Amino acid sequence: MEFSQQLSTTPKSDEERAAVLANPGFGNHFTDHTAVIDWNWTDDGGRWSNARIEPYGPIALDPAASVLHYGQEIFEGLKAYRHSDGTVWTFRPEANAERFNKSAQRLALPDLPAEAFVESLKELVKTDQEWVPAGEGEALYLRPFMIATEAFLGVRPAREVSYRLIASPAGNYFGGKLKPVSIWLSTQYARAGRGGTGEAKCGGNYAASLAAQLEAEENGCQQVLFLDPFNDDAVEELGGMNVFFVFDDGRVVTPALNGNILHGVTRKSVIQLIKDRGLTLDERKITLDEWRRTAANGTLREVFACGTAAVITPIGELKTADGDIPSPELAEDSLTLSIREELLGIQTGAVADKHGWLTRLA
């Protein structure tokens, strides 16, 4: 797919960009351009067209656009990393493209060819590559999304859709030096239900988690954990991250994908790296009772969460209305820190990419 270019006439100056990159935060600033591809329904099923790079700016939408009324939209998240030689790479974009299309199918949106997805990343990053930071733990966060733009109030799949990609320089998700985070257990709210959109990366799932997130913050926690109350209070995932448990016999457990849990690309990668070390990795149901019991008897050694934004973050404690569940103090030779170092090393080019996960963008 060929991308035309309409470059911004008012890009940030070198000084303005340098000021942003000195302290990027997360999701606070955006690059000068965006990638866009249009989709329209046709009698033979629809067609993508008009791929382009254009200046970053507001999107003009009809007030009746379907996305505003029925939430027909999806998104993805991945990062571009600057390597020591100045080149820019991303991590497993084909996996993101695959998940993007699975989300599209669940939300009755059109599939976007994986080649077009990856090409949009290359085109935008090549255009805005000066925005890719080079500091430790920093990257250019890439946010592809798809919205239903047709002006129509009937409840049916939209016949006009827009795929877009924006980029934001990003520092560490939880800020500063890596340290264990506190998690709040949500008992009033559920993130997803059987047959729902739990596996899809759509805004509605995240909007539904925000009330619980506010509750977490009121209790001094950075994230919220959701359970399945109809399945023995089985652990599912955090508001935006998957969970892993490390036991004293070397076993690692992560909740099995069950239709409610997002198919995390970082989760998938962590599983592979753990198996590469010859460790036992179980994808199975793990309940709140098992978490509490094994933490109390000392057989649970580590708990960590993973996702694109934060990569890998140790969990220091789970706070609940019925008492807190602390995690043991994290040792310097912990699996959590070791896997994090290896994964970040692959992404940034400091560790050999044995699995061919990296794709050069610029």
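For the range 338-353, how many residues meet the condition of being open to solvent by 30 Å² or more (accessible area, probe 1.4 Å) and without any contact (Cβ under 8 Å) to a residue 24 or more places away in the chain? Number of matching residues: 5. Does ALA331 fit the bill of being open to solvent by less than 50 Å² (accessible area, probe 1.4 Å) and in a loop (DSSP other than H, G, I, E, B)? So ALA331 passes the test.
Inspection of the range 230-243 identifies at least one residue that is part of a loop (DSSP other than H, G, I, E, B) and in contact (Cβ under 8 Å) with a residue 60 or more places away in the chain. In the range 262-275, the residues that are farther than 20 Å from PHE247 by Cα form Cβ pairs under 6 Å with partners that are part of a loop (DSSP other than H, G, I, E, B), at six or more places apart or across chains, as follows: VAL265/ARG92; THR266/THR308.
Scanning for something at pLDDT 95 or above, in a loop (DSSP other than H, G, I, E, B), within 23 Å of THR266 (Cα to Cα) and not acidic (Asp, Glu), does the range 142-164 turn up at least one residue? No, the range 142-164 has no match at all. When the range 153-195 is filtered for residues that are touching a residue at least 24 places away in the same chain (Cβ under 8 Å), of a type in the set (Gly, Ala, Ser) and open to solvent by less than 30 Å² (accessible area, probe 1.4 Å), the ones remaining, listed by number, are ALA158, SER162, ALA167, SER168, ALA170, GLY171, SER182, SER186, ALA192.
Just name the residue that is nearest to PHE26 (Cα to Cα) out of those in the range 82-96 that are over 15 Å from the mean Cα position of the chain (by Cα), open to solvent by 10 Å² or more (accessible area, probe 1.4 Å) and not polar (S, T, N, Q).
First, the residues of the range 82-96 that are over 15 Å from the mean Cα position of the chain (by Cα): 82-89.
Right, trim to open to solvent by 10 Å² or more (accessible area, probe 1.4 Å) and you get 82-87, 89.
Then drop every residue that is not not polar (S, T, N, Q), which leaves 82-83, 85-86, 89.
Working: ARG82: 17, HIS83: 20, ASP85: 25, GLY86: 22, TRP89: 19 Å.
Here the residue is ARG82.
Screening the range 102-112 for residues that are surrounded by fewer than 17 Cβ atoms within 10 Å (Cβ to Cβ) and not charged (D, E, K, R) and picking the one that is nearest to THR348 (Cα to Cα) gives GLN105.
So which residues in the range 138-152 are over 14 Å from the mean Cα position of the chain (by Cα) and buried (at least 16 other Cβ atoms within 10 Å of the Cβ)?
Restricting attention to the range 138-152, the residues satisfying the condition of being over 14 Å from the mean Cα position of the chain (by Cα) are 138, 146-152.
Residues satisfying the conditions are GLU138, MET146, ILE147, ALA148, THR149, GLU150, PHE152.
Residue by residue, here is whether (1) under 27 Å from TYR206 (Cβ atoms); (2) in contact with a strand residue (DSSP E or B) (Cβ under 8 Å, 6 or more places away or on another chain); (3) modelled with pLDDT of 95 or more; (4) open to solvent by 70 Å² or more (accessible area, probe 1.4 Å) holds:
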{"site": "GLU16", "(1), (2), (3), (4)": "no, no, yes, yes"}
{"site": "ILE37", "(1), (2), (3), (4)": "yes, yes, yes, no"}
{"site": "ARG47", "(1), (2), (3), (4)": "no, yes, yes, yes"}
{"site": "ALA51", "(1), (2), (3), (4)": "no, yes, yes, no"}
{"site": "ALA64", "(1), (2), (3), (4)": "yes, yes, yes, no"}
{"site": "LEU68", "(1), (2), (3), (4)": "yes, no, yes, yes"}
{"site": "GLU76", "(1), (2), (3), (4)": "yes, yes, yes, no"}
{"site": "LYS79", "(1), (2), (3), (4)": "yes, yes, yes, no"}
{"site": "GLU98", "(1), (2), (3), (4)": "yes, no, yes, yes"}
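Here VAL125 meets each of (1) of a type in the set (A, V, I, L, M); (2) open to solvent by 30 Å² or more (accessible area, probe 1.4 Å); (3) under 19 Å from GLY349 (Cβ atoms); (4) modelled with pLDDT of 95 or more with one exception, condition (2). Test GLU199 against the stated conditions and say whether it is surrounded by fewer than 20 Cβ atoms within 10 Å (Cβ to Cβ) and either within 24 Å of PRO144 (Cα to Cα) or aromatic (Phe, Trp, Tyr) (or both). Criteria met by GLU199.
The values are calculated or read from the model by the stated rules, or taken from the named source; none is laboratory data. Keep in mind that this is a model prediction, so the values were computed, not measured. Positions of Cβ are backbone-derived with ideal geometry, glycine not excepted, and every protein chain shown enters the neighbour counts. Note: areas computed on protein heavy atoms with side chains; ligands, DNA, RNA excluded. Shrake-Rupley method; radii C 1.70, N 1.55, O 1.52, S 1.80 Å.
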